[in-house]
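> Before anything else, here's the structure in question.
The values are calculated or read from the model by the stated rules, or taken from the named source; none is laboratory data. Since this is a predicted model, take the numbers as computed values, not measurements. Neighbour counts run over all protein chains shown; Cβ positions are idealised from the backbone, glycine included.
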Amino acid sequence: MNSRQTQLAAFDRLLTIMDELREQCPWDKKQTMQSLRHLTIEETYELGDAILDNDLEEIKKELGDLLLHIVFYAKIGSETDAFDIADVCTGISEKLISRHPHVYGDVNVKDEEEVQRNWENLKLKEGKKSVLEGVPGGVPSLVKANRIQDKVAGVGFDWEKPEQVWEKLQEELAEFQEEVKAQDFERMEAEFGDVLFSMVNYARFLDINPENALERTNKKFIKRFQYLEAKAKSLGKALKEMTLAEMDVFWEESKAIDGSS
């Protein structure tokens with residue numbers, strides 16, 4: 001691994017390049033925080049994909065892209081004397097120190113759960129009116145549900161055992177089925193939301209990240225379906241011309257190839 005001196009020199013080089021690009025490149029000169037926002041979101045998702053694929057080389061590249069965006073925002077901020085990269089680093093450093101009194105103070109904790117409870121209580125002392133203020137409004141609903149449950153669990157609002165969550169999930173499924181039978185769309189949608197929320201909660205108790213789990217399934221489905229498409233093409237057939245039984249043969253082949261259910 002590189003020495004701290006080498007790491008700092010590399011970061012300084014990136015800052016210098018950012019300064020030069022902002023002064024000399026027509027595209028970089030034109031960018032604003034608003035114009036960069038959607039690109040930053042895309043880069044974050046690309047990093048997430050690389051992490052799910054455990055592609056370390058790609059993770060390194062995507063981290064670089066994301067770091068560039070952080071430096072870019074700080075550069076734009078410095079142009080109006082709002083903040084610069086030093087302010088960004090100082091801010092997060094001070095927050096980490098204040099939120100870790102068990103490391104930088106005299107507080108004793110026994111486990112990770114106690115650290116999380118302390119974290120949420122410290123944020124309330126900092127002026128937060130609700131532990132849920134830290135949940136971003138713009139994240140996907142599945143991620144938001146998981147974060148909401150993490151937050152409230154941090155202050156003790158939680159089930160005690162996974163079995164209790166499983167029972168709640170079964171209860172929500174039964175209520176959903178009742179509304180399906182009644183064909184009340186609004187109630188069906190509401191109860192389906194309750195089912196998903198309970199599923200996310202149960203996953204949390206099993207230490208499963210629901211977003212990661214669903215995305216892995218998405219990737220698996222895409223891979224298998226594309227195998228099916230390729231097989232159909234090799235036979236000179238269009239999928240819509242094949243029966244489900246014919247397609248299922250290739251689907252099972254794809255499952256055998258990737259070795260998962």
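> When Lys151 is evaluated against the numbered criteria (1) modelled with pLDDT of 90 or more; (2) part of a helix (DSSP H, G or I), which criterion, by number, is the only one it fails?
Condition (1) is where Lys151 drops out.
> While we're looking at this one, here's another question. Keeping to region 1-20, report how many residues are closer than 16 Å to Gly64 by Cα and either touching a residue at least 40 places away in the same chain (Cβ under 8 Å) or touching an Asp or Glu at 6+ places or on another chain (Cβ under 8 Å) (or both).
3
> Being of a type in the set (S, T, N, Q) and either touching an Asp or Glu at 6+ places or on another chain (Cβ under 9 Å) or under 24 Å from Leu196 (Cα atoms) (or both) is the filter here; which residues of region 109-163 pass it?
The answer is Gln116, Ser130, Ser141, Asn146, Gln149.
> Same structure again: Determine if region 168-190 includes at least one residue that is within 27 Å of Trp119 (Cα to Cα) and either in the same structural domain as Asn121 (by TED's automatic domain parsing) or more than 24 Å from the chain's Cα centre (by Cα) (or both).
For region 168-190, residues within 27 Å of Trp119 (Cα to Cα) and either in the same structural domain as Asn121 (by TED's automatic domain parsing) or more than 24 Å from the chain's Cα centre (by Cα) (or both): absent.
> Tally up the residues in region 87-100 that are surrounded by 11 or more Cβ atoms within 10 Å (Cβ to Cβ) and more than 24 Å from Val152 (Cα to Cα), please.
So the answer is 5.
> Turning to a different aspect of this structure: Check Glu211, Glu189, Glu160 and return the single one that is outside any loop (DSSP other than H, G, I, E, B) and loosely packed, with under 13 Cβ neighbours inside 10 Å.
Checking each option against the conditions leaves just Glu189.
> Can you tell me which of (1) within 30 Å of Lys223 (Cα to Cα); (2) modelled with pLDDT under 95; (3) touching a helix residue (DSSP H, G or I) at 6+ places or on another chain (Cβ under 6 Å) is the one Asn54 doesn't meet?
All conditions pass for Asn54, except number (3).
> Filter region 11-36 down to the residues that are assigned to a helix (DSSP H, G or I) and farther than 18 Å from Asp84 by Cα and list them by number.
Residues satisfying the conditions are Gln24, Pro26, Trp27, Lys30, Ser35.
> Here is a follow-up. Among (1) of a type in the set (Phe, Trp, Tyr); (2) closer than 25 Å to Glu133 by Cα; (3) surrounded by fewer than 16 Cβ atoms within 10 Å (Cβ to Cβ), there is one condition Tyr73 misses while meeting the rest; what is its number?
(3)
> Run down Val143, Val103, Val109 and say which single residue is surrounded by 15 or more Cβ atoms within 10 Å (Cβ to Cβ) and without any contact (Cβ under 8 Å) to a residue 60 or more places away in the chain. I'd like the intermediate steps shown before the answer.
On the way: Val143 fails: without any contact (Cβ under 8 Å) to a residue 60 or more places away in the chain; Val103 fails: surrounded by 15 or more Cβ atoms within 10 Å (Cβ to Cβ).
Result: Val109 is the single residue among Val143, Val103, Val109 that is surrounded by 15 or more Cβ atoms within 10 Å (Cβ to Cβ) and without any contact (Cβ under 8 Å) to a residue 60 or more places away in the chain.
> Could you tell me whether Val152 is within 22 Å of the chain's Cα centre (by Cα) and either surrounded by 13 or more Cβ atoms within 10 Å (Cβ to Cβ) or in contact (Cβ under 8 Å) with a residue 12 or more places away in the chain (or both)?
Yes: the conditions hold for Val152.
> Does Glu163 qualify as being in the same structural domain as Arg204 (by TED's automatic domain parsing) and in contact (Cβ under 8 Å) with a residue 12 or more places away in the chain?
In short, no.
> Continuing with this model, one more query. Does region 76-128 hold any residues that are in a loop (DSSP other than H, G, I, E, B), over 30 Å from Thr16 (Cβ atoms) and either touching a Gly at 6+ places or on another chain (Cβ under 9 Å) or of a type in the set (Asp, Glu) (or both), and which are they?
Within region 76-128, Asp106, Asp111, Glu126, Lys128 meet the criteria.
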